[in-house]
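Enquirer: My questions all concern the structure below.
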Amino acid sequence: MSLNTFGHLFRVTTWGESHGPALGATIDGCPPGIALSEADIQPWLDLRKPGTSKFTTQRREDDAVRILSGVFEGQTTGTPIQLMIENTDQRSKDYGEIAQAFRPGHADIAYHQKYGIRDYRGGGRSSARETAARVAAGGVARAALAALVPGLAITGYMVQMGPRTIDRSRFDAAEITRNPFWTPDPVAAADWADYLDDLRKSGNSVGAVIEVVAKGAPAGLGAPIYGKLDSDLAAAMMSINAVKAVEIGDGMASAALTGIENADEIRMGESGPEYLSNHAGGILGGISTGQDIVVRFAVKPTSSILMPRKSINLRGEEVDLVTKGRHDPCVGIRAVPVAEAMMACVILDHLLLDRGQTGGIRGRIG
């Protein structure tokens, strides 16, 4: 098993390498009768694609998606949907020097130790280029969710770059798409621009923290113990390249709270239960409560930097290695659309699971 598939009923298999002829996704389990065209998927890919600002890799890819199967006369048929994105701007020569050496911080050495062979061109399968396929799959999931849960909205944004965090008192959702960092704080965006520009010019990189929120998700998604919604969300986010930590709701900060502070108190509202806080991130016992589902994750600094780093080669000799090529000084920037896509895929998967198990029946309150 090579484990290139995720999901239970809405299953996504991604394929392809950074410098291969193409990459894409095969989706099985999408409900039939969902309106879907390439135009429904492309806008999400356009948000993720490289070369959109000086703060992302200058590799130029159109990331144009093609639907090869599973759609007839503008609707999904319930059969596997095949998506393909051609690679058109590979520069494999940039990676010739690392064919026999291992880049520190990259998956090079781990892939070699496991498989005895690796595609060194841009990292092959371990490259963040693979996330284009996830975003395409997320576009399909969003189309299905729009039909099944019309009020659902998934929004991701950056809340921290390196040691610099946003001021949540300045949170402006409209600001997220106005700056290259997907941040809701316009003051932070201006500060980060200068900070990252200096790092970029020096050949260095930095990490980031991304938050993604699902508003309007119904209560009842997820299952106890081994089918928890937060377990699958955490696994989905952790599977994104360069992610090193994931938290739900208050996450690690909840360890500093008392029980009185942490409990999300409940009152009865006109439309049902109303929570007075959301420390749990919209999930209790692995099941959604109907509150906002809040996930946050940390992305490590891009390992490809223009500074010599100590390493070894295939012969076991010590070398000093400089990684050439076109790379993101903060890979967290382009992780935002990927996070949204993974959230969409997981929520749709659990919606279908719940529909199959309970038929959407809910316990009555009041």
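The values are calculated or read from the model by the stated rules, or taken from the named source; none is laboratory data. No experiment lies behind these values; they were computed from the predicted model shown. Positions of Cβ are generated from backbone atoms using ideal geometry, with glycine treated the same way; all protein chains shown enter the neighbour counts. In case anyone asks, the SASA skips ligands and DNA or RNA and just uses the protein heavy atoms, side chains included. Shrake-Rupley method; radii C 1.70, N 1.55, O 1.52, S 1.80 Å.
Enquirer: State all residues of region 142-165 that are more than 18 Å from Glu340 (Cβ to Cβ), part of a loop (DSSP other than H, G, I, E, B) and more than 19 Å from the chain's Cα centre (by Cα); if no residue qualifies, say none.
Expert: Once the filter is applied, which keeps residues that are more than 18 Å from Glu340 (Cβ to Cβ), part of a loop (DSSP other than H, G, I, E, B) and more than 19 Å from the chain's Cα centre (by Cα), region 142-165 yields only Pro163.
Yes or no, residue by residue, for (1) open to solvent by less than 50 Å² (accessible area, probe 1.4 Å); (2) closer than 30 Å to Thr183 by Cα:
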residue	(1), (2)
Phe297	yes, yes
Pro301	no, yes
Lys310	no, no
Val331	yes, yes
Ala344	yes, yes
Thr358	yes, no
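Enquirer: Could you pull out the residue among Gly220, Gly203 that is outside any helix (DSSP H, G or I) and surrounded by fewer than 17 Cβ atoms within 10 Å (Cβ to Cβ)?
Expert: Just one listed residue meets the conditions, Gly203.
Enquirer: Among the residues of region 243-262, how many are aliphatic (A, V, I, L, M) and either without any contact (Cβ under 8 Å) to a residue 12 or more places away in the chain or open to solvent by 90 Å² or more (accessible area, probe 1.4 Å) (or both)?
Expert: Looking only at that region, the number is 5.
Enquirer: Quickly run through region 230-240 and pick out the residues that are crowded, with 19+ Cβ neighbours inside 10 Å and touching a helix residue (DSSP H, G or I) at 6+ places or on another chain (Cβ under 9 Å).
Expert: Within region 230-240, Asp232, Leu233, Ala236, Met237, Ile240 qualify.
Enquirer: On to the next question. Could you list all residues from region 29-44 that are under 12 Å from Gly70 (Cα atoms) and of a type in the set (S, T, N, Q)?
Expert: Selection gives Ser37 alone.
Enquirer: Would you point out which residue out of Ala188, Ala208 is farther than 24 Å from Thr358 by Cα, open to solvent by less than 30 Å² (accessible area, probe 1.4 Å) and either of a type in the set (Phe, Trp, Tyr) or within 18 Å of the chain's Cα centre (by Cα) (or both)?
Expert: Just one listed residue meets the conditions, Ala208.
Enquirer: Here's a follow-up. Among the strands (runs of 3 or more DSSP E) contained in region 282-365, which hold 1 or more residues that are modelled with pLDDT of 95 or more?
Expert: 293-299
Enquirer: I'm checking my understanding of the structure. Among residues of region 131-166 that are in contact with a Gly (Cβ under 8 Å, 6 or more places away or on another chain) and surrounded by 24 or more Cβ atoms within 10 Å (Cβ to Cβ), which one is nearest to Cys330 (Cα to Cα)?
Expert: Step by step, filter region 131-166, then rank; the result is Met161.
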